[in-house]
Amino acid sequence: MGFLSRLAEIMGFKKKEANLLVIGLDNSGKTTIIDQLKPEDKRSRDVAPTVGFTVDRFKNNSLQFTAFDMSGQGRYRNLWEHYFKNCDGIIFVLDSSDKLRMAVAKDELDQALKHEDIMKRRIPILFFANKMDLRESMTSVRCSMVMELEKSIRDKPWHICSSNAKTGEGLHEGFEWLTDTLKSMLNDK
Amino acid sequence: MHMLRRDKKEEEDGGGNPFHNIEKSSVLQEARTFNESPINPRKCAHILTKVLYLINQGEQIGTTEATEAFFAMTKLFQAKDPILRRLVYLGIKEMSKIAQDVIIVTSSLMKDMTGREDQFRGPAIRALCSITDTTMLQSIERYMKQAIVDKVNAVSSAALVSSLHLSKCSQDVTKRWVNEAQEAVSSDNIMVQYHALGLLYHIRKYDRLAVTKLVTKFSKHSLKSPYAYCLLVRLCYCLLEILCFVYFIRTDSPMFDFIENCLRHKSEIVIYEAAHAIVNLKNTSAKELASAVPVLQLFCSSAKPTLRFAAIRTLNKVAMKHPAAVTACNLELENLITDSNRSIATLAITTLLKTGSESSIDRLMKQISSFMNEISDEFKIVVIQAIQSLCSKFPRKHPVLMNFLSSVLRDEGGFEYKKAIVDSIITIIEDNPEAKEAGLAHLCEFIEDCEHTVLATKILHLLGREGPRTPTPSKYIRFIYNRVILENAAVRAATVTALAKFGAHCEELLPSCIVLLERCLLDTDDEVRDRATFYVQTLKQQQKSLKSTYILNGLQVSVVGLERALHHYTMEPTETPFDVKSVPLETAPITDSKQVREPGEAGGQKTEKVAASRQDIYAEQLSSIPEFANLGNLFKSSSLPVQLTESETEYVVQCVKHTFSHYIVFQFDCSNTLNDQVLENVTVHMEPADGFQVLKCVPCASLPYNKPGTTYTLVHLPEDPTLVTGTFSCTLKFIVKDCDPNTGEPDDEGYEDEYVLEDVEVSVADHVQRVMKPNFGVSWEEVGLENELEDTYALSTMKTLEEAVQNIIKFMGMQPCERSDKVPEGKSSHTLYLAGVYRGGHDGLVRAKLALSDAGVTMQLTVRSTDPDVSEVMATAIG
């Protein structure tokens, strides 16, 4: 590392980096959310089900994010754990219109929380109650009750907000919270 | 200069390799660095290179370790560094076979494949195809189709080649990409065109008609890529081979014209490929060669060593079949002997040896000896084989050639090289009786200082067989006995056997041989001691029959069969002693004496091995069928299957006959070439000849398209021992069910049908097993006059003695002994000795005295056997 960059680091100018892990059930809108965060000219028009994962980088305020967008399909969910180790934050996307599979989502969340790479670390978790535009969708409060977030996450900061990934509504609010939390945690270190 | 020298030295030490002493465990430990963030591309690239190095060195990495490293590697996708990314692609390809859950990178690779960075797209396609299996293929199909017609050449080529690899396991999906591949063939880029043509061929390769169409289409259409032309020439070559083989179409087809036109192409590689194809066609005539050889001749004086090498190598092959055609190039070839490239020089000289005349041999041999120790063993073997074939061509030159062989035998060289020399000498000895003494003397000298046990035992065995029959057998004894004192146990054992053979064969040497053998009685090795004791006791009995059975003739049963019989015997202990007669005899490998042994064709020995064990395979198959469990031991299986149908008919049936002591089992191998039919309950109905009785049929339950099936028919042999031959008319009976050609799903209803086959004949040869009697004279005396039959025949249809000998061997189904199947040239009379064992274990010996006359060949046939009926049957075999 060069002298200048070290100087910049000491002065606090250096752009901070954070790894995010984007998980959630299939068809909940993970890839669409990440796509929405990229600059307009780099977005891909059609989103196909992810197989495995994709890596994306984007900037939000002063933080540089690297997002591992994981596939939500049942048979790939057990591969999430390979990426738990180095993430600085988790984004868990819920399909708020899919009441039936809320229980499945809860199950997956509980399993992730129980994993040793997550359990011991105090990492922020951001929930998006996605697809708020659909008529049968639940509010964010209702979602957090169904998911029993209060009960299951005790030692980590978390936040839930409603979103519509297609238009980008609500995403900004969520990332504002995530950026602030991450920044304060980085400064505490 | 100084630097250069140091580099060279380092290379020699092996210090030039920076990965010289890396260890798997530490590298895998280092690979955890990939998980860190932010990523350090330079460091990670270095570690990944080490991982790749290890895998390519053949290091075995366990699934768990590999999976861990693989997932760590996937994190490197977040780095944009191009070097690191391309290493990641390589890593994915290498680990795709050893790690689990590799599909995790599918979406990441698909993103790169369709992304903007052109230099990532090609490698991403290749990596993606290596992790994709048939079930996942559908999801990438759309992208693959787009990539094939991409305007970036590297991407298009990558997609085409990857599709080719995919088509190995998922033919159906890649078939749908034909249109895209067609479009890519018209690309301007030479590689894309070549790869596209390759893919088109691979999609159609199982459909000969479609391949023909493809070739015809593109041979008219002018392609730009020389590589595509080469591929077309190769395809034409394959098609022509098939055409010649199946339909006997001569070379005046448009495809041959195309190949010939390629001889005038502007690219050298195409010209060479065309010449190579013409030369290699199985039945090329001198006329066709005349167009190809001048091209090769021109290449011989090219400035490029690769072209010279290619040309001389091809000419060398031509020289084996058509030496006359190559004679025109002799001048160029002589120039190439002094070529600075030793491989070219060797090939030139071996080619000259093949084309050269008797008078030029001495000069050539001198030139060869001058550079023999400058070339590698591999080429030395080529030279040796050329000399061997030369010796059979010009038998009168054997002293020069033999001298050369013995001098190279003294030189340094590896096992393969020495083995080639020894084999050559042995072949020369066997073919040319005049060379025998000199050859044996050279071999004796060689074993004095031979470090290869295998060769020493081989030579000792040969000495034991040939030595006693030379005019002065005593001179070999010293060489042989020296081995007992100096060599290891395996050689000593072979020596003891060789000595015993001398003793058994030569009366006057018997006492001294016994003395020498008695000295071996106290050998340190069990095997040597056992052999010596056995031979001393046998020789002391002074009985001819004992000597011939236990020393001269050796064990004649099949080794695999003996093992099985002994195993069976020990599993079910009985009071009766083990009977060697119950073991199936070894099938003597059938070698066509007419066949010219071509140097460089190492196939000869391999086929012999297969032939020897094939009967054992049949025995195993038959014994697993419950109906045939109690037929006794398999006596003989007919050597080659007999075709009962034409080769291009709806159903193809061939027959193999298995003879037991009282039964014959006919094995019918059937296959169905109609893809819209399934045959069920397939049997062969046989109309028996006099005295034969059909007992049972074992049907083949179902015979789907292109899957061979087998049905058996069991026939009881006539009680009358002299009634052994007959003709059976056969009909294939079955139930036909129509089916869908694609799925193979048959309809429920079928109807009965039958198909007439050609007749099957049972001849005397089916009842006789070939047995080699190394010493025919002794065996002839041993069987005695008791059941002798003699008769004289006039074989009016035979024009030469060779023809008569071949036919007699075929009719009798017996083994020619004492090399009597080779008729010396220019003789008008010949004696053929045949030996065999008749069904039931009776020895049968035949002596046929042949004389050539104006009205064909006259034969006096004498049959001796241990059983009167057998003599009678054998005497009637020729009629």
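The values are calculated or read from the model by the stated rules, or taken from the named source; none is laboratory data. This one's a predicted model, so the numbers in the text were calculated from it and none came from an experiment. Note: ideal-geometry Cβ built from the backbone for every residue, glycine included; neighbour counts use all protein chains shown. Just so you know, the surface numbers come from the protein's heavy atoms only, side chains and all, with ligands and any DNA or RNA stripped out. Shrake-Rupley method; radii C 1.70, N 1.55, O 1.52, S 1.80 Å.
The figures follow:
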| read-out | value |
| --- | --- |
| Filter result for the condition that a residue is among the hydrophobic types (A, V, I, L, M, F, W, C) and more than 14 Å from chain A (Cβ to nearest Cβ), over B:ILE140, B:ILE131, B:ILE92, B:ILE83 | B:ILE83 |
| Residues of segment B:95-113 satisfying the condition of being at the interface with another protein chain (Cβ under 10 Å from one of its Cβ atoms), of a type outside the set (S, T, N, Q) and part of a helix (DSSP H, G or I) | B:VAL102, B:ILE103, B:ILE104, B:VAL105, B:LEU109, B:MET110, B:LYS111, B:ASP112 |
| Wholly within segment A:66-167, helices (runs of 4 or more DSSP H) carrying at least 2 residues that are more than 14 Å from every other protein chain (Cβ to nearest Cβ) and crowded, with 22+ Cβ neighbours inside 10 Å | A:102-114 |
| Check on B:GLN667, modelled with pLDDT under 85 and surrounded by 15 or more Cβ atoms within 10 Å (Cβ to Cβ) | no |
| Residue ranges of strands (runs of 3 or more DSSP E) in segment B:751-844 with at least 3 members under 30 Å from B:LYS547 (Cα atoms) | B:768-770, B:829-838 |
| So B:VAL149, is it surrounded by fewer than 22 Cβ atoms within 10 Å (Cβ to Cβ), more than 14 Å from chain A (Cβ to nearest Cβ), of a type in the set (A, V, I, L, M, F, W, C) and in contact with an Asp or Glu (Cβ under 7 Å, 6 or more places away or on another chain) | yes |
| Condition met for A:SER140 (among the hydroxyl-bearing types (Ser, Thr, Tyr) and in contact (Cβ under 8 Å) with a residue 12 or more places away in the chain) | yes |
| Some residue of segment B:526-549 being assigned to a loop (DSSP other than H, G, I, E, B), open to solvent by less than 20 Å² (accessible area, probe 1.4 Å) and under 18 Å from B:ASN775 (Cα atoms) | no |
| Residue pairs meeting the criteria (Cβ under 7 Å; at least 6 apart or on separate chains; first part of a loop (DSSP other than H, G, I, E, B), in segment B:423-450; second open to solvent by less than 20 Å² (accessible area, probe 1.4 Å)) | B:CYS450/B:ALA456 |
| Every residue from segment B:771-794 that is farther than 27 Å from B:GLU430 by Cα and open to solvent by 20 Å² or more (accessible area, probe 1.4 Å) | B:VAL783, B:LEU785, B:GLU786, B:ASN787, B:GLU788, B:LEU789, B:GLU790, B:ASP791, B:THR792, B:TYR793, B:ALA794 |
| Complete set of residues in segment B:353-378 that are in a helix (DSSP H, G or I) and farther than 22 Å from B:THR327 by Cα | B:SER369, B:SER370, B:PHE371, B:MET372, B:ASN373, B:GLU374, B:ASP377, B:GLU378 |
| Complete set of residues in segment B:114-128 that are within 12 Å of chain A (Cβ to nearest Cβ) and farther than 24 Å from B:TYR53 by Cα | B:THR114, B:GLY115, B:ARG116 |
| Qualifying residue in segment B:595-604 (condition: surrounded by fewer than 16 Cβ atoms within 10 Å (Cβ to Cβ), at pLDDT below 75 and more than 15 Å from the chain's Cα centre (by Cα)) | yes |
| Residues (of a type in the set (Lys, Arg) and assigned to a helix (DSSP H, G or I)) located in segment B:222-245 | B:ARG234 |
| Boolean, B:LEU76 is open to solvent by less than 20 Å² (accessible area, probe 1.4 Å), facing another protein chain (nearest Cβ under 10 Å), among the aliphatic types (A, V, I, L, M) and under 21 Å from A:ASN78 (Cβ atoms) | no |
| Members of segment B:277-306 that are touching a residue at least 40 places away in the same chain (Cβ under 8 Å) and open to solvent by 20 Å² or more (accessible area, probe 1.4 Å) | B:ASN280, B:LYS282 |
| Residue satisfying all of: in segment B:170-193; among the polar types (S, T, N, Q), open to solvent by less than 30 Å² (accessible area, probe 1.4 Å) and under 14 Å from B:TYR227 (Cα atoms); farthest from the chain's Cα centre (by Cα) among these | B:SER187 |
| Verdict on B:THR574 being hydroxyl-bearing (Ser, Thr, Tyr) and part of a helix (DSSP H, G or I) | no |
| Residue in segment B:21-40 that is at the interface with chain A (Cβ under 9 Å from one of its Cβ atoms) and either out of contact with any strand residue (DSSP E or B) (no Cβ under 7 Å at 6 or more places or on another chain) or open to solvent by less than 20 Å² (accessible area, probe 1.4 Å) (or both) present | yes |
| Those residues of segment B:41-64 which are within 14 Å of another protein chain (Cβ to nearest Cβ) and among the acidic types (Asp, Glu), in sequence order | none |
| Segment B:401-422, subset outside any helix (DSSP H, G or I) and closer than 19 Å to B:SER370 by Cβ, residue nearest to the chain's Cα centre (by Cα) | B:GLY413 |
| Residue within segment B:721-733 that is assigned to a strand (DSSP E or B), open to solvent by 60 Å² or more (accessible area, probe 1.4 Å) and under 21 Å from B:ALA877 (Cα atoms) present | yes |
| All positions within segment A:12-61 that are within 14 Å of chain B (Cβ to nearest Cβ) and of a type in the set (Gly, Ala, Ser) | A:ALA18, A:SER44, A:ALA48, A:GLY52 |
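So that you can scan it fast, the table gives a plain yes or no per residue for (1) in a loop (DSSP other than H, G, I, E, B); (2) open to solvent by less than 20 Å² (accessible area, probe 1.4 Å); (3) not assigned by the TED database to the domain that holds B:ASP748:
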residue: B:ASN675; (1), (2), (3): yes, no, no
residue: B:ASN681; (1), (2), (3): no, no, no
residue: B:GLY691; (1), (2), (3): yes, no, no
residue: B:CYS697; (1), (2), (3): no, no, no
residue: B:SER702; (1), (2), (3): no, no, no
residue: B:LYS707; (1), (2), (3): yes, no, no
residue: B:LEU714; (1), (2), (3): no, yes, no
